[in-house]
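The values are calculated or read from the model by the stated rules, or taken from the named source; none is laboratory data. As the structure is a computational prediction, the values presented were derived from the model and not from experiment. Every residue, glycine as well, gets a Cβ built from its backbone with ideal geometry; the counts of neighbours run over all protein chains shown.
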Amino acid sequence: MTATLPVQTVTAPAARRRTLKPTLVIGLLLLLLLVLAALFPRLFTPFSPTDFDYTAILKGPTGKHPFGTDNFGRDVLSRVVHGTRIDLQIAVLTTAFPFVFGTLLGAVTAFRGRWADAVVGRVADLVVVFPFLVLVIAIVAVLGPGLTNMYIAVSAVGWVSYWRLTRGEVLAQKRAEYAQAAQVLGYSPARVLLRHILPNAVTPAIVYLMTDMSLGILLGASLGYLGLGAQPPAPEWGVMVADGKNFMVTAWWISTFPGLALTLAGITFSLIGDGLADALRPRT
Amino acid sequence: MTAVQMQGTPTASASPLLSVRDLNVRIPTPGGELHAVRGVNFDLGRGEVLGLVGESGSGKSVTLRALLRLHRSPIQTTGEVNYSGENGATQNLLTLPESRLRSVRGGQISMIFQEPMTALNPVLTVGEQIMENLREHRGLRGKAANERAAELLDLTGIPSPRARLSDYPHQFSGGMRQRAMIAIALASEPKLLLADEPTTALDVTIQDQILRLLLRLRDELHMSVVLVTHDLGVVAQTCDRVAVMYGGRLMETADVNEVFAHPKHAYTHGLLGSLPDASAHRLPLRPIPGGPPDLRRLPKGCAFAPRCAYVTDACLGDEPPLVTVAPAHASACVHHDRLPDLNASPEAPL
């Protein structure tokens, strides 16, 4: 055979972008709305969340006060919008430490194994035998009410879920051939764990982080409602629901709108978590 | 290029690159201790391609991994793996401190795996994975590393290498991934490449390309290669020397032509007899009856005796040692000089 084939240039296929799931897009748009409300509340309402207006007490929704006013004449819309900052802060600060600490601890104990894994495992067992809310309330009761103490209490309990998730995933991933290959290439254990194994193992923890953020907001609101979290007159949604509970029959708007805001925040994080689970799955 | 290059054939007396002495691997299991590798000895010359052949469960992959001390406790690896690196100093890899061993792993000795689908990290681009090795063992960074990574991909025959550096492994086909894995392993320009069934997961045409690639790179980079395989066709195509494993022991070692022409062990004899023969009429295959031995309950004497067509009482005494039976040819068969010609019927009595 002497015929020569025409030379063909081979081009690599363009990196195809994965189309984002609609749930993720909607979730991110809602999050953008919440972040805007937290950063620039004045965009949404002219009123201060804490100024009393004795000329407009317990007024229903009107053009001037779309969400009505409460028993001190404070604008409910303004309080809901300003509350976004506190409640988003709660979502981040109740989960940031548990996520970072639990994930790293899970990675290290699964990778090293042996006694460290056994010891941490028993401590985790000890934490989970108590109902979550009861344990948090107990810790807050000891430390005293307030947001800072609530963060401490939630952090002390919340890392266990991340530890479990990451530990299981790292245990599976460290047996994978690419992890062995990294070891065979002479990389240090820290590098094998942090650069090669952890990025492949962290997805469940990130997805859970989104769920946990909505749970964190609900927990913050619950403790606020019980008087153990944010303290009045701070416009925290849980505190506002508690404020309005005595007026449910006559002024339903005081509790209902902060409740709806809580629901919206919960849905936002759930949608993002659902979308991320798909978007972050490593391809093989 | 001929498949077997005689210039790579070692002279047994010159200091070998790798010298394995009395290698044992013991794996504790609930059903008792599994003695997976039992007193393996072999030398590997510079530039030599050694084929480690055997059935599933013969201990060939376990042996390969033991060379780099990859078995973790509670698995026990004993013996000596003496490696003579560039500076001439000989180090026993099984007793080397972990930090020094890490510079040998990857830097001096690299390994490629059977399954290219899982041996590449899915979250790092191929380029990142090559450049990581370049940075770690060659001290290359930035643009220089990028250039070299593209060169390596080109060397392994990946088209438009520069563009493919930023691709993820899932954007590569099976054969391309194996090439990428070879490029990663060879980035550090190792002296020895350990290949654990590198072509088993690939189809035959790709397999052939990859084997040719390995031989070419062996010549260009002056490497030695230990190739683990169960495929005698692969051995014939690529290896200078062959070591046949069975039941965790070496049964026979010799030059590749010698093994195929004059096997001196009943097991090798049976293996070759069980191959389909393209030149002959279509005859039924002649498999070796039975299955591999249970390494927890090995029979007394030769491990192959229960399946051997030539077994006699002499095989059932002490386990026969690996002894030199011809120049550069060692066999652990009691009846190495009484095996019939390969083409004779295996049913012929001794």
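Of the residues in the stretch B:112-136, how many are more than 7 Å from chain A (Cβ to nearest Cβ) and either closer than 15 Å to A:R195 by Cα or assigned to a helix (DSSP H, G or I) (or both)? Residues meeting the conditions: 11. Filter the stretch B:92-111 down to the residues that are within 12 Å of chain A (Cβ to nearest Cβ) and in a strand (DSSP E or B) and list them by number. Correct list: B:R105, B:I109, B:S110, B:M111. B:D154 meets the conditions (1) touching a Pro at 6+ places or on another chain (Cβ under 6 Å); (2) crowded, with 22+ Cβ neighbours inside 10 Å in every case but one. The failed one is (2).
If the requirement is being closer than 30 Å to A:P145 by Cβ and surrounded by fewer than 22 Cβ atoms within 10 Å (Cβ to Cβ), which of these qualifies: A:T268, A:T211?
Numbers: A:T268 fails: surrounded by fewer than 22 Cβ atoms within 10 Å (Cβ to Cβ).
When all the criteria are applied, what remains is A:T211.
A residue that is assigned to a helix (DSSP H, G or I), without any contact (Cβ under 8 Å) to a residue 12 or more places away in the chain and among the polar types (S, T, N, Q) occurs nowhere in the stretch A:202-212. A:V157 passes every criterion in (1) out of contact with any helix residue (DSSP H, G or I) (no Cβ under 7 Å at 6 or more places or on another chain); (2) assigned to a helix (DSSP H, G or I) apart from (1).
Here the stretch A:252-284 is the region considered, the condition is being assigned to a helix (DSSP H, G or I) and charged (D, E, K, R), and the residue that is nearest to the other protein chains (Cβ to nearest Cβ) is A:D278.
Considering the conditions (1) among the hydrophobic types (A, V, I, L, M, F, W, C); (2) within 20 Å of A:V76 (Cα to Cα); (3) surrounded by 16 or more Cβ atoms within 10 Å (Cβ to Cβ), A:F247 is excluded by exactly one of them, (3).
Each residue in the stretch A:155-173 was checked for being of a type outside the set (A, V, I, L, M) and within 14 Å of chain B (Cβ to nearest Cβ), and 2 of them qualify.
Could you pull out the residue among A:V154, A:V160 that is out of contact with any strand residue (DSSP E or B) (no Cβ under 8 Å at 6 or more places or on another chain), buried (at least 24 other Cβ atoms within 10 Å of the Cβ), over 30 Å from B:P97 (Cα atoms) and not acidic (D, E)? A:V154 is the lone residue from the list that is out of contact with any strand residue (DSSP E or B) (no Cβ under 8 Å at 6 or more places or on another chain), buried (at least 24 other Cβ atoms within 10 Å of the Cβ), over 30 Å from B:P97 (Cα atoms) and not acidic (D, E). Looking only at residues of the stretch B:147-165 that are more than 12 Å from chain A (Cβ to nearest Cβ) and touching a residue at least 24 places away in the same chain (Cβ under 8 Å), we find that the one that is farthest from B:G175 (Cα to Cα) is B:R148. Would you call B:M181 part of a helix (DSSP H, G or I), within 11 Å of chain A (Cβ to nearest Cβ) and within 18 Å of the chain's Cα centre (by Cα)? Yes; evaluated as a whole, the condition is true for this residue.
Yes or no, residue by residue, for (1) at pLDDT 90 or above; (2) among the aliphatic types (A, V, I, L, M):
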residue: A:A116; (1), (2): no, yes
residue: A:V123; (1), (2): yes, yes
residue: A:F130; (1), (2): no, no
residue: A:V134; (1), (2): no, yes
residue: A:L143; (1), (2): yes, yes
residue: A:Y151; (1), (2): yes, no
residue: A:G158; (1), (2): yes, no
residue: A:R167; (1), (2): yes, no
residue: A:L171; (1), (2): yes, yes
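Here are A:A176, A:A201: which of them is within 14 Å of another protein chain (Cβ to nearest Cβ), under 29 Å from B:S103 (Cα atoms) and over 25 Å from the mean Cα position of the chain (by Cα)?
None of the other options fit; the residue is A:A176.
B:I75 meets the conditions (1) modelled with pLDDT of 90 or more; (2) touching a His at 6+ places or on another chain (Cβ under 7 Å); (3) more than 11 Å from chain A (Cβ to nearest Cβ) in every case but one. The failed one is (2). Selection over the stretch B:292-335 of residues that are closer than 30 Å to B:D240 by Cβ and in a loop (DSSP other than H, G, I, E, B) gives a count of 19. Residues in the stretch B:197-255 that are at pLDDT below 90, within 13 Å of the chain's Cα centre (by Cα) and part of a loop (DSSP other than H, G, I, E, B): 6 in all.
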